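Please read the structure below before turning to the comments.
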Amino acid sequence: MKFKIFSILGITLLCCFLAVTATLIESDKSNKLESRSTKSYLFDPLPKLTESSPATRYYHLELKVVKLSPDGYERPVWSVNDQYPGPLIQCNKGDRLVINVTNNSEDPATIHWHGIFQHNTNWYDGVPGQTQCPIPNRVSFTYNYTVDQFGTFWYHSHFLAQYVDGLVGVLIVHDPDDPYRNSYHEDYVITVSDWYHSPTAPLLVQRLAPHYTGFNPYPDSALISGVGQYNCSGAPAGYYCNRNVPPPTYNVNKGKKYRFRIINTSAYVTFTFSIDNHPLKVIEVEGTHVKNVSAATVTVIPIHVAQRYSVILDANQPVDNYYIRASIIDSCLPPRTNDTINYNSSINFNATGILHYQGAGSKKPTSTAYPFTIPLCQDLNASAIRPYKDSPAPSNVTNDFVFNITFARNDDDVGLLGINNSSFVPVFNNPTNLRIMLQENFTDFDKNQNAYGYDIPNGCVQITLLNNQPANHPFHLHGHTFWIVASGLGAFLSNISTSEYNLKNPVIRDTIIIPEFSHAVIRYLADNPGVWAFHCHIEWHVEMGLVAQLIERPTEFSNRTLPEDVRALCLQYDSYYKNHKRLTTLPRDSMVKRLRMFKKVK
Ligand code: C2O
């Protein structure tokens, strides 16, 4: 009986919610939001850092919703300093970053620094419900950490699907000892991303609605460095849509070499990246330099959600314009069924930009694409991305976990993903690291906290991921890189033979694709006490619960002192939360509450 009441309430709430959402979209048409357009830094070479290192570098990020039209179609965008993608943050290895975040976005928010280890500063990792309370609207919070690594990173909101609404930016850490430093003249960044015309709040409500049978929402555009060219004929009447967005263009001089840092900031899709007539030499994968071998020169790079590569391009072709191509790989997506949200989107899967040789004039490229087929939705071949120096994986495993990726419908027929049949539910106002510091034992947590702990200093943790689902999952580990000791077809332990593990020179990275019906075995060192998220980076799957929390060395971590401002944030969030119970002001929060309620029903 009680269950029934909950379900009815759930449906009623959902209806109110949809009504509210509709008004939100309606109000987008008004001029309530400021319209902005800024030229992106992404089309210029990275400016050189002048101040010598080690230095403390200060940044200020203002989060605000403004109207932007990255692909021509105007929508409210969760911007950073009025920009999408947000401003560049860069430093040298060994520097300290002090980043003040002021949240003027109307929603709570956090910023996660994707790939940054946060040694000794777990509380600045930016994961709501795990490492901090969300930063409420009108509140500033300062992230402050040293960076003892180098490479190509990005930052993004970790609060609900805010990053998909635009809250992302680029974070580059230079290595004074970069073995490739003299192999290129200039350093460029390219982001590739899917893009949605609807804000994510209503998309999430639909994705997580009872009885929903479709797949993840279909994007409307593919963007290169935040720029797309939408065919405006698909835009509803009355919306601003610019058909003449200039193509994203990178300028090169013949005879020079360029480093391109490619980042996939998508919610959902895998891209192939290529530049016609220009083979690309891979030199970095997610903060690890790559061995200088011929296999590292590739023509087409598959890049999954949240992954990064650095490549060197030799501008040695005739002076001309050449296409830069970012194509969504269809074979990584499920079928486009008509019960899927936005299935009839008029997306062009093949985004193009231009590599413009100085002096080439402005005529359209006539270059042709390199052939490419990816039979399964896999990572770039391991032989192309071996670490610069062989880095053997540890052979003595001290903690061994098996994570089955599972899908199930709860009693309300909401489809949820989980780790070992448990769908993660964040508790925003009581982050896990605070609980560990208050001496709570993670083994007493609710099952839906998906908490897995280990306490041996510098032990070797092994995680075997088994994906017996017809979907691909790019998994990201916070606070670490990992060795990929095995990966392949088959989603049962019986498919994995330990004799085939590569411990000698495995690929090292922080984000790995686990294709459908396959497995991977990763290892990492327990060298970073704290609470670390381990999750599929497809944002729709995060909200469906495909998240684990790794509780690393709780005994030691619980003896650390949480900075006062991190603790204070929870009080600020609590008072904010109490004053904003109404659906109209907090659609996303309400959705999470609704989900939590559904889980209670279960
Ligand atoms: Cu880009 Cu939890 O990460």
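Structure above, values below:
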{"item": "Count of residues meeting criterion [surrounded by 20 or more Cβ atoms within 10 Å (Cβ to Cβ) and assigned to a helix (DSSP H, G or I)] in the stretch 204-223", "result": "3"}
{"item": "Tyr268 being in a loop (DSSP other than H, G, I, E, B) and over 30 Å from His476 (Cα atoms)", "result": "no"}
{"item": "Residue under evaluation Asn338, criteria (1) at pLDDT 95 or above; (2) within 30 Å of His476 (Cα to Cα), criterion not met", "result": "(2)"}
{"item": "The stretch 247-265: number of residues that are of a type outside the set (Val, Ile, Thr) and either at pLDDT below 95 or assigned to a strand (DSSP E or B) (or both)", "result": "8"}
{"item": "Matching strands (runs of 3 or more DSSP E) fully within the stretch 56-136 where at least 3 residues are crowded, with 20+ Cβ neighbours inside 10 Å, within 19 Å of the chain's Cα centre (by Cα) and more than 16 Å from the ligand (Cβ to nearest atom)", "result": "none"}
{"item": "Candidates Thr443, Thr481, Thr464 - the one that is on the phi < 0 side of the Ramachandran plot, surrounded by fewer than 20 Cβ atoms within 10 Å (Cβ to Cβ), β-branched (Val, Ile, Thr) and within 26 Å of the chain's Cα centre (by Cα)", "result": "Thr464"}
{"item": "Residue list for the stretch 137-160, restricted to those being touching an Asp or Glu at 6+ places or on another chain (Cβ under 9 Å), within 16 Å of Ser105 (Cα to Cα) and surrounded by 24 or more Cβ atoms within 10 Å (Cβ to Cβ)", "result": "Phe141, Ser157, His158, Phe159, Leu160"}
{"item": "Pair list, Cβ under 8 Å, 6 or more apart: the stretch 153-179 residue closer than 26 Å to Pro431 by Cβ and near the ligand (Cβ under 10 Å from one of its atoms), other residue in a strand (DSSP E or B) and basic (Lys, Arg)", "result": "Phe153/Arg308; Trp154/Arg308"}
{"item": "Selected residue (only one of Thr102, Thr121, Thr142 is closer than 27 Å to Gln307 by Cβ and among the hydroxyl-bearing types (Ser, Thr, Tyr))", "result": "Thr121"}
{"item": "Selection within the stretch 473-509 - within 16 Å of the ligand (Cβ to nearest atom) and either over 30 Å from Trp123 (Cβ atoms) or among the aromatic types (Phe, Trp, Tyr) (or both)", "result": "Phe475, Phe482"}
{"item": "The stretch 230-260 - residue that is surrounded by fewer than 13 Cβ atoms within 10 Å (Cβ to Cβ) and of a type outside the set (D, E, K, R) and, of those, nearest to His289 (Cα to Cα)", "result": "Gly255"}
{"item": "Every pair of residues 6+ apart whose Cβ atoms lie under 7 Å, when the first sits in the stretch 46-65 and is in contact (Cβ under 8 Å) with a residue 60 or more places away in the chain and closer than 19 Å to Asp175 by Cβ while the second is surrounded by 13 or more Cβ atoms within 10 Å (Cβ to Cβ) and among the aliphatic types (A, V, I, L, M)", "result": "Leu46/Ile172; Leu46/Val189"}
{"item": "Filter result for Thr561 (of a type in the set (Val, Ile, Thr), in a loop (DSSP other than H, G, I, E, B) and either at pLDDT 50 or above or surrounded by fewer than 18 Cβ atoms within 10 Å (Cβ to Cβ) (or both))", "result": "yes"}
{"item": "Candidates Tyr322, Tyr268, Tyr343 - the one that is within 21 Å of Leu203 (Cβ to Cβ) and crowded, with 22+ Cβ neighbours inside 10 Å", "result": "Tyr268"}
{"item": "Test: residue in the stretch 509-517 that is modelled with pLDDT of 95 or more and more than 23 Å from the chain's Cα centre (by Cα)", "result": "no"}
{"item": "In the stretch 155-200, residue farthest from His289 (Cα to Cα) [restricted to those that are assigned to a helix (DSSP H, G or I) and touching a Ser or Thr at 6+ places or on another chain (Cβ under 6 Å)]", "result": "Asp165"}
{"item": "Wholly within the stretch 285-352, strands (runs of 3 or more DSSP E) carrying at least 3 residues that are in contact (Cβ under 8 Å) with a residue 24 or more places away in the chain, under 30 Å from Lys93 (Cα atoms) and among the aliphatic types (A, V, I, L, M)", "result": "308-314"}
{"item": "Residue satisfying all of: in the stretch 517-540; under 17 Å from Asp125 (Cα atoms), in a strand (DSSP E or B) and small (Gly, Ala, Ser); farthest from the ligand (Cβ to nearest atom) among these", "result": "Gly530"}
{"item": "Scope the stretch 501-516; condition under 17 Å from Ala393 (Cα atoms) and not in a strand (DSSP E or B); matching residues", "result": "Tyr501, Asn502, Leu503, Lys504, Asn505, Pro506, Asp510"}
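The values are calculated or read from the model by the stated rules, or taken from the named source; none is laboratory data. For clarity, every value in this text was computed on a predicted model and none was experimentally measured. In this analysis, Cβ positions are derived from the backbone assuming ideal geometry, glycine residues included, and neighbour counts consider all displayed protein chains.
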